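Bear in mind that the values in this text are calculations on the coordinates, not laboratory data. Just so it is clear, the model here is predicted, and its values are computed rather than measured. When we count neighbours, we look across all protein chains shown, and the Cβ atoms used for this are built from the backbone with ideal geometry, even at glycine.
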Number of protein chains: 2
Amino acid sequence: MPAPLTDLSRLCIHTITTKPWSLGECIDNYTAAGVPAITVWRQALAPQGAKESGRMLRESGLRVTSLCRGGFFPADSQAKRQEAIDDNLRAIEEAAEIGAPLIVLVCGADPAKPLAESRREIADGIVAVADAAKAAGVRLGIEPLHPMYADTRSAVNTMGQANDMAERIAHSHVGVTADVYHLWWDPSLEAEIRRCGSAGKLFSFHVCDWRFPVRDILNDRGLMGDGCIDVPRIRGWAEESGFDGDIEVEIFSDKYWSLDQGEWLSKIKAAYLKYT
Amino acid sequence: MPAPLTDLSRLCIHTITTKPWSLGECIDNYTAAGVPAITVWRQALAPQGAKESGRMLRESGLRVTSLCRGGFFPADSQAKRQEAIDDNLRAIEEAAEIGAPLIVLVCGADPAKPLAESRREIADGIVAVADAAKAAGVRLGIEPLHPMYADTRSAVNTMGQANDMAERIAHSHVGVTADVYHLWWDPSLEAEIRRCGSAGKLFSFHVCDWRFPVRDILNDRGLMGDGCIDVPRIRGWAEESGFDGDIEVEIFSDKYWSLDQGEWLSKIKAAYLKYT
């Protein structure tokens, strides 16, 4: 077991976790609650734009952990794959504007073609934007998604695949984002997290819990302690292999979004100290 | 690509696929439709018991491919694990009574303990019943389940894990059941199916499709052709490595169960010849 988290110094919350709040409300409430870091979803930037969002974030003193999300590279035509690349280049600009050192990649999948082909298009897409990311001082984290999302959201579904892809791309600014929700079931998880961390490629780390029975495959994630994921154990593997970055709480949950978000934020802080 | 299926000679349907029908109705309708084989779920046996079910099946001339399902070995006490073993011994008797040469094992998982521990309890449970299965002339197929079922349904979630487990147990009557629904996303699937087939351990093969967006993680399976699984390609891997058994249609679907089941049976036959 890793050292317990005894303070909030590494706690990062994703704006999507408190989806009912605007970016301004996230900033005000996280700051007031002593949450030091934020990961910004692009829809939270949209209303005021990246430049103004960057100004708000710098003024707040919050640490920006990452921008969510780039990716979605596979598509059924060259023109659409180019559109995806262009959108990722815009995300890189936005990340630079808000001071985010990392973009999380939800890589995409085209259900009309073999997964192996989607995987090639993902690697091609990442290669196409990696130098621009480096020039902007932004890293890219390949996030393996749970196999239940292999139809349209990501053809990268295990830590082993993400490690293989990052290794083949071999670019200073391309690494991996690990999220316990997607990975907890995998018997090779410990070995693959250690492989990633030892290679200096574990760029970020997301937590939540797997509650059951699952009511909805998209928006029914649990808060740490709600389900069956041994989060501290997985965090321990990451930290033993060198990870010392923020612990990011990313939870899509119709149930929790329906709560008063201030009350929800208190629950998150408590669960972070107790079950993470 | 494998040889197309040009007739129904290897078509097997699971009683659960036409859940609204009793065993008697399944027998009558499958026979009338030229379906030569049936896999019987235990709830379809319950109303008339295994003996009478066996008589009905023998009289029908249908080939019984397997009995679904045994397993669910992990539990939070020794007494409950023994209950699971006893229940699997009863399933072996039932299989023998209905002339089923195979029981499919949905192995189970206890969300209160680490997956590695559930996996040990699964292996122990299988070992505890394997000799009784052999004595009854019944084989046991470890069915890896999709990782989205790792909370309570099965801690065995990939073909690689099932192969490893069958290899370690090393018993003539313990092998693997492959179901495309659970496995299609796995980048190591081809290699692991070939490994299984070459070892003579691929005991049975289930088909359906992964439709999307997923409306329900339990009862929203697609008919072959409805989704993104390349069923013929996966069947080809199985057959190239020696599998020549029945192709079993196992579909849990609130949508299809709500149809007239005769109409549904016609759809299954058409999809079997076109997309399987």
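Amide H to amide H distances under 5 Å link A:V174 with A:L140, where only residues 5 or more positions off or on other chains count and H is placed in the peptide plane.
Between copies, A:A170 shows label-point distances of 4.0 nm, shortest first, with the point placed 7 angstrom from Cα along Cα to C-beta. Placing +1 on the Cβ of every Lys and Arg and -1 on the Cβ of every Asp and Glu, with no other charges, gives chain B a dipole of roughly 200 debye about its Cα centre. Across chain B, C-alpha contacts under 8 Å between residues 6 or more apart give a mean separation that, scaled by the residue count, equals a relative contact order of 20 percent. Computed from backbone phi with θ = phi - 60° and the Karplus coefficients 6.51, -1.76 and 1.60, the 3J(HN,Hα) list for region B:208-224 is 5, 8, 9, 8, 8, x, 5, 8, 7, 6, 9, 10, 9, 6, x, 7, 3 Hz; x is used for glycine and proline.
Amide H contacts of A:C208: A:V180, A:Y181, each under 5 Å away and 5 or more positions distant or on a separate chain (H built 1.01 Å from N in the peptide plane; Pro and chain starts excluded).
Arrange the following residues from fewest to most other Cβ atoms within 10 Å of their Cβ: A:F243, A:F72. Write down the numbers at each step before the final one.
Values: A:F243 20, A:F72 23.
Listing A:F243, A:F72 from fewest to most nearby Cβ atoms yields A:F243, A:F72.
Converting phi to 3J(HN,Hα) with the Karplus coefficients 6.51, -1.76 and 1.60 and the offset θ = phi - 60°, region A:248-262 yields 9, 8, 10, 10, 9, 7, 4, 4, 6, 5, 7, 6, 4, 6, x Hz in sequence order, with x at every glycine or proline. In terms of other Cβ atoms within 10 Å, B:L218, A:L67, A:L45 run from fewest to most in the order B:L218, A:L45, A:L67. Here the average projected area of the convex hull drawn through the C-alpha atoms of region B:16-59 stands at 2.8 nm². In order along region B:173-184, the Karplus-derived 3J(HN,Hα) couplings, from 6.51 cos²θ - 1.76 cosθ + 1.60 at θ = phi - 60°, round to 9, 10, x, 10, 10, 9, 10, 4, 4, 7, 10, 4 Hz, and Gly and Pro are given as x. Close amide H contacts of B:G70 (hydrogens built in the peptide plane, cut-off under 5 Å, sequence separation of 5 or more or a different chain): B:V104, B:L105, B:V106.
When each of B:I16, A:I126 is scored by the number of other beta-carbon atoms lying within 10 Å, the sequence from fewest to most is B:I16, A:I126.
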